[in-house]
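The values are calculated or read from the model by the stated rules, or taken from the named source; none is laboratory data. All values derive from a computational prediction rather than experimental measurement. Neighbour counts run over all protein chains shown; Cβ positions are idealised from the backbone, glycine included.
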Amino acid sequence: MELLNDEVVERWLVRLKPSSVKVYRFHLKKFLQFFGITAQDFLEEARKTLTMDLKQKAIQEEKLRSKINIYYNDLKKNGKAYNTARMAERVIKAFLKYNGISLASERRRGSKRYHREPLRKDQIKKIVEMAPSLRDKLLVILSFQTGMGIRELLNLNIGDIEIRDEIGVVWYVRDRSEFNAVAIFGKDTIDLLNKYLDWRRIQAEKFNKKLPRLNAKRKAKGKKPLKEIKITDKSPLFTGIRYFEAQRRLVDRTAQNMLRETVVKAELITFKEFDEKYNNRFNPYGFHSLRGAFSSVAEQHGMPISQIKMSMGQTIEYNGAYKSFITEERIATYKKVEPYLSIYSDVEELEQKTLKHGATIEELKEAVKEKDEEIEELKKLVIELGGRVDYITTLMKERIPDLDEVLSPDGEFIG
């Protein structure tokens, strides 16, 4: 039985990129073979939804989704990789969509909506420690300390970052709203940023030294020569790790997969839970959770809402765009909140210890300040009294010529 010998299938395949035709044809054929139907039979079943009322349409769409899920689960059961199963699902839905039948994703329906889990600072610290490379560690901590989204982070160039007085400043454009935004980050991120860029430069130097020998081999094989790696302000901040990816911008999918594997290593979730609870489609501890952690911590410790929104690239109140993007006041505000955003700071633990003694950190600081002022007043008083003693001693010497003979070196009378 020729499952794909159908004009509608060929019209669909012709519209695809030549490199994708073979893959799409393979997955659609395997799906039809699994159920023993032709492409025309499958389309006729799907097209019933176009003439049904809403209730019947929902039932029919559920049957189609169920059929696709049965095939998807069978692929996973037989040991196929997650990406292979997802690709097969996308191919089948793309075929239906081309023919006018759109199936809403199951996870978007209210009964299957997934919720992101809040992240604590100790959990974020563990994620950073478990991240496989300096690049990945920087990606995680920069997202947490600035509240930036993954798309904006991956679009950054090295020149978009500026260091001011041990505080980092990022200038970027919010991808969704095209809003010009400014984010600030602290010493944790600066340290990782410097280490990562130093590593990039060292790797580039190593590669450039090998380049003449590599190009000689490529020339002998008739291949194009490789270009020298140059790291400038216009270079992408986040790139691939290997030599041939050193100037390619990191893509969203790679970053998401990295974080997914890292949260498992950090023991926040297991691969089994990913499969059973989230159908391998959703990471409850993803970059959005890092943004949420930034927003919660910053607001809890006194950062103005307008500054939080500016950092996260969200639109701010009327005339907000005319306010100064970065001021000394905003940097000062961030410095106050920075200890709470630092994954290596024990400020919360210190606060708990001081609370046991009946005072907060701020109250203790105020008490120390008052004591310092009292000490300064006492110093002034001592100086003033010392001057008076000298004056009295001088007067006595004028009236009693032999005063030095009856006074000790300390100014006391010798009995």
Qualifying residue in segment 191-199 (condition: in the same structural domain as Ala246 (by TED's automatic domain parsing) and either under 30 Å from Lys277 (Cα atoms) or modelled with pLDDT under 85 (or both)): no
Residues of segment 9-57 satisfying the condition of being closer than 14 Å to Ile92 by Cα, among the aliphatic types (A, V, I, L, M) and part of a helix (DSSP H, G or I): Val9, Leu13, Val21, Val23, Leu28, Leu32, Ala39, Leu43, Ala46
Only one of Ile269, Ile231 that is without any contact (Cβ under 8 Å) to a residue 24 or more places away in the chain and either in contact with a helix residue (DSSP H, G or I) (Cβ under 7 Å, 6 or more places away or on another chain) or within 26 Å of Lys121 (Cβ to Cβ) (or both): Ile269
Some residue of segment 207-222 being without any contact (Cβ under 8 Å) to a residue 40 or more places away in the chain, in a loop (DSSP other than H, G, I, E, B) and of a type in the set (Lys, Arg): yes
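Is it true that Val251 is of a type outside the set (Asp, Glu) and either over 27 Å from Leu75 (Cα atoms) or surrounded by fewer than 15 Cβ atoms within 10 Å (Cβ to Cβ) (or both)? Walk me through how you get there before you give the answer.
Details: of a type outside the set (Asp, Glu): yes; either over 27 Å from Leu75 (Cα atoms) or surrounded by fewer than 15 Cβ atoms within 10 Å (Cβ to Cβ) (or both): yes.
Yes: the conditions hold for Val251.
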Every pair of residues 6+ apart whose Cβ atoms lie under 6 Å, when the first sits in segment 133-156 and is in the same structural domain as Leu192 (by TED's automatic domain parsing) while the second is basic (Lys, Arg): Leu134/Lys195; Gly147/Arg291
Total residues in segment 261-276, condition among the basic types (Lys, Arg) and surrounded by fewer than 13 Cβ atoms within 10 Å (Cβ to Cβ): 1
Test: residue in segment 285-293 that is at pLDDT 90 or above, within 23 Å of Trp199 (Cβ to Cβ), buried (at least 16 other Cβ atoms within 10 Å of the Cβ) and not assigned by TED's automatic domain parsing to the domain that holds Met87: yes
Residues of segment 135-147 satisfying the condition of being surrounded by fewer than 23 Cβ atoms within 10 Å (Cβ to Cβ) and touching an Asp or Glu at 6+ places or on another chain (Cβ under 9 Å): Lys137
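A quick yes/no check of all residues on (1) touching a residue at least 60 places away in the same chain (Cβ under 8 Å); (2) under 22 Å from Arg253 (Cα atoms); (3) touching a strand residue (DSSP E or B) at 6+ places or on another chain (Cβ under 6 Å):
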residue	(1), (2), (3)
Val14	no, no, no
Ala39	no, no, no
Arg47	no, no, no
Leu50	no, no, no
Lys57	no, no, no
Val91	yes, yes, no
Tyr98	yes, no, no
